[in-house]
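Novice: Structure incoming, see below.
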Amino acid sequence: MAGIRKIIHCDCDCFYASIETRDNPGLAGLPVAVGGSPRRRGVIATCNYEARRFGIHSAMASATARRLCPELIIIKPQMEKYREASSAIHEIFHRFTTIIEPLSLDEAFLDVSDCKVFDGDAVLIASNIRHSIETEVGITVSAGIAPNKFLAKIASDWQKPNGQFAIADTDIDNFVKQLPVSRIFGVGKVTASRLAALGIEHCGQLAKLSAIDLTKHFGSFGERLYDLCRGIDNRPVQVRRIRKSISVEHTFAQDLQGIEDCKNRIPNLLDELRLRMSKIESDYCISRQFVKIKFHDFVTTTVETVSQNLNSEVFARLVEQGFRRGNRPVRLVGIGAGLEPRTATGSCSVAGEVASKTPFPQEESQIILKLE
Ligand code: TTP
């Protein structure tokens, strides 16, 4: 039927750990994690499925992971290798479509609606992509195939690891009816428990509420919920994602005790931030500077200000402000910049209106997660 899109969501299985096992086959079958050292307050970036059986997961302290599984092998991340694998994977995607929306190094949406390979059969296209990545890059990938991004992303998780799952247009109603509301992107613990209080656990139950009721309970997100619980998602696959920010952060092996100690860390962080910024500055303008401080008790604060460049004095002032909010030892300092795309003529159009409570960008902090 015309108008039905074919979207594939590809997601590598335990990406960093798979690359490490590929490069050291002796690790196969053993519990393996990639992350920082347990002795230096490192955290786990990811772990293989053997390690997950012990309850280990991303962002867990490596020391905790080691306690859960004393034989866990923890490997220091080697980002260069992961980037290389990521571009090889993207080269494979490009054999089938140019409409690719990368979400991270190991995850992307592909719109293959107009692809003629395999007579346009998206299930065969996904199989071939997975097979090509396995043979050419040496790691496994899971894929979801569906008429939209929301369902394709859920489907790629359905048969993980090393599997694929397709949701045909005619199956959508049955599929979403049974889907727990917690699977909807944006439904976190708070929304899920508010829905549970209304007796709603599955999308089928959610679909019984009117758009007006949903908006009454959940504001503008209610409208989105109204669509998603019916399996409707018209968002296009966006070839290039617009970055909102860029940042670097560092967790210190020993807590920093005072303002001066924190400020002394700025030059190194700023060097790294400038380097990263230099790679994208032809596409983006800076609209604000921000600082993130995590105190020793994990309480986190962010401070930001409107700015059009990366100014070390401004960062120092923000660090002072942030530190004073907690006035206690600090385990992490991060600095970053809010970004705006350049206009078509390459100029910067924004003066940078900034909302006072803009949270530290989570996606970015995942990408730049620093591991010791
Ligand atoms: P994910 O796609 O979230 O997870 P994964 O590929 O490791 O495992 P899964 O099979 O469940 O999809 O993350 C991709 C990579 O990003 C991951 O291999 C390591 C890195 N990463 C971090 O560095 N920090 C994090 O907190 C997370 C979640 C991931």
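The values are calculated or read from the model by the stated rules, or taken from the named source; none is laboratory data. Note that the structure is predicted; figures quoted are calculated from it, not measured. When we count neighbours, we look across all protein chains shown, and the Cβ atoms used for this are built from the backbone with ideal geometry, even at glycine.
Novice: Among the candidates Ile293, Ile246, which residue alone is under 22 Å from the mean Cα position of the chain (by Cα), in a strand (DSSP E or B) and more than 30 Å from Ile99 (Cα to Cα)?
Specialist: Exactly one residue qualifies, and that residue is Ile293.
Novice: Hey, can you tell me all the residues within the stretch 61-77 that are within 23 Å of Ser142 (Cβ to Cβ) and at pLDDT below 95?
Specialist: Of everything in the stretch 61-77, just one residue is within 23 Å of Ser142 (Cβ to Cβ) and at pLDDT below 95, namely Pro77.
Novice: Residues to consider are Arg224, Arg183; find the one that is touching a Cys at 6+ places or on another chain (Cβ under 9 Å) and basic (Lys, Arg).
Specialist: Testing whether each residue is touching a Cys at 6+ places or on another chain (Cβ under 9 Å) and basic (Lys, Arg) leaves just Arg183.
Novice: If you scan the stretch 44-60, which residues turn out to be within 12 Å of the ligand (Cβ to nearest atom) and either assigned to a loop (DSSP other than H, G, I, E, B) or of a type outside the set (Lys, Arg) (or both)?
Specialist: Ile44, Ala45, Thr46, Cys47, Asn48, Tyr49, Ala51, Ile56, His57, Ser58, Ala59, Met60
Novice: Does Gly3 count as touching an Asp or Glu at 6+ places or on another chain (Cβ under 8 Å) and either within 11 Å of the ligand (Cβ to nearest atom) or not in a helix (DSSP H, G or I) (or both)?
Specialist: no
Novice: A further question on this structure: As an exercise: evaluate Ala65 against (1) aliphatic (A, V, I, L, M); (2) crowded, with 23+ Cβ neighbours inside 10 Å; (3) within 12 Å of the ligand (Cβ to nearest atom) and give the number of the one condition it does not meet.
Specialist: Going through (1) aliphatic (A, V, I, L, M); (2) crowded, with 23+ Cβ neighbours inside 10 Å; (3) within 12 Å of the ligand (Cβ to nearest atom) one by one, Ala65 breaks only (3).
To keep it simple, each residue is scored yes or no on (1) surrounded by fewer than 18 Cβ atoms within 10 Å (Cβ to Cβ); (2) over 27 Å from Asp121 (Cα atoms); (3) near the ligand (Cβ under 10 Å from one of its atoms).
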residue	(1), (2), (3)
His9	no, no, no
Cys12	no, no, yes
Arg22	yes, yes, no
Val34	no, yes, yes
Gly42	no, yes, no
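Novice: Can you tell me which residue among Glu84, Glu91, Glu71 is more than 10 Å from the ligand (Cβ to nearest atom), without any contact (Cβ under 8 Å) to a residue 60 or more places away in the chain and under 19 Å from the mean Cα position of the chain (by Cα)?
Specialist: Glu84
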